[in-house]
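K.L.:
Just dropping this structure here.
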Amino acid sequence: MVRVTRPVAVELLSHLRRARDHIDRHHAEALDLDRLARVAGVSKFHFVRSFEATYGETPIRYLTRRRIERAQDLLRLANLTVAPR
């Protein structure tokens, strides 16, 4: 199934960027769509559609990916391994 999305309004891009930056700064906190949509200043449904159309992934998927990347960085910096005992 091909998903067709409308282009995101230029005025909305700065709001989406603000929400994405908020995710990057606060990824360790409990974040939900309502909070992120408030940061962007739009409804959560419009936020999810617009975020995905702009960045190619949903806000929650982006948050999860950022958390995984941060965990990988911490493992590398601490020179730790994840292995069963």
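K.L.:
Dipole of segment 10-77, Cα-centred, from +1 at each Lys and Arg C-beta and -1 at each Asp and Glu C-beta, to the nearest 20 debye? The partial results should precede the final answer.
P.N.:
Numbers: 14 positive and 10 negative charges, 15 e Å.
Dipole of segment 10-77, to the nearest 20 debye: 80 debye.
K.L.:
What label, among (i) 33; (ii) 73; (iii) 44, belongs to percent of Cα pairs over 19 Å apart computed from the structure on display?
P.N.:
(iii)
K.L.:
Would you work out the relative contact order for the chain, in percent, from Cα pairs under 8 angstrom that are 6 or more residues apart?
P.N.:
Once normalised by length, the contact order is 26 percent.
K.L.:
Still on this structure, please answer the following. Just to confirm a number: summing +1 for Lys and Arg and -1 for Asp and Glu over residues other than Arg38 whose beta-carbon lies under 12 angstrom from that of Arg38, what do you get? Walk me through the numbers before you get to the answer.
P.N.:
Working: positive: Arg18, Arg35, Lys44; negative: Asp32, Asp34.
Here the count lands on +1.
K.L.:
With springs connecting C-alpha atoms under 10 Å apart, model the chain as a Gaussian network and identify which of Ala71, Ala53, Ala40 has the largest mean-square fluctuation.
P.N.:
Its mean-square fluctuation being the largest, the pick is Ala71.
K.L.:
Further question on the same structure: GNM, the chain, Cα, under 10 Å: largest mean-square fluctuation among Arg67, Arg49, Arg25?
P.N.:
Of the options given, Arg25 has the highest mean-square fluctuation.
K.L.:
Residue farthest toward the positive end of the dipole of the chain, with Cβ of Lys/Arg at +1 and Asp/Glu at -1: which of Ala83, Val8, Ala40?
P.N.:
The residue sitting most towards the positive pole is Ala83.
K.L.:
Sort out for me the Cα centre separation of segment 32-50 from segment 6-26, rounded to whole Å.
P.N.:
10 Å
No value in this document is a laboratory result; all are computed from the given coordinates. What you see is a predicted model; the values in this text were computed from it and never measured. Quick reminder, even Gly has a Cβ in these numbers, built from the backbone with ideal geometry, and neighbours come from all protein chains shown.
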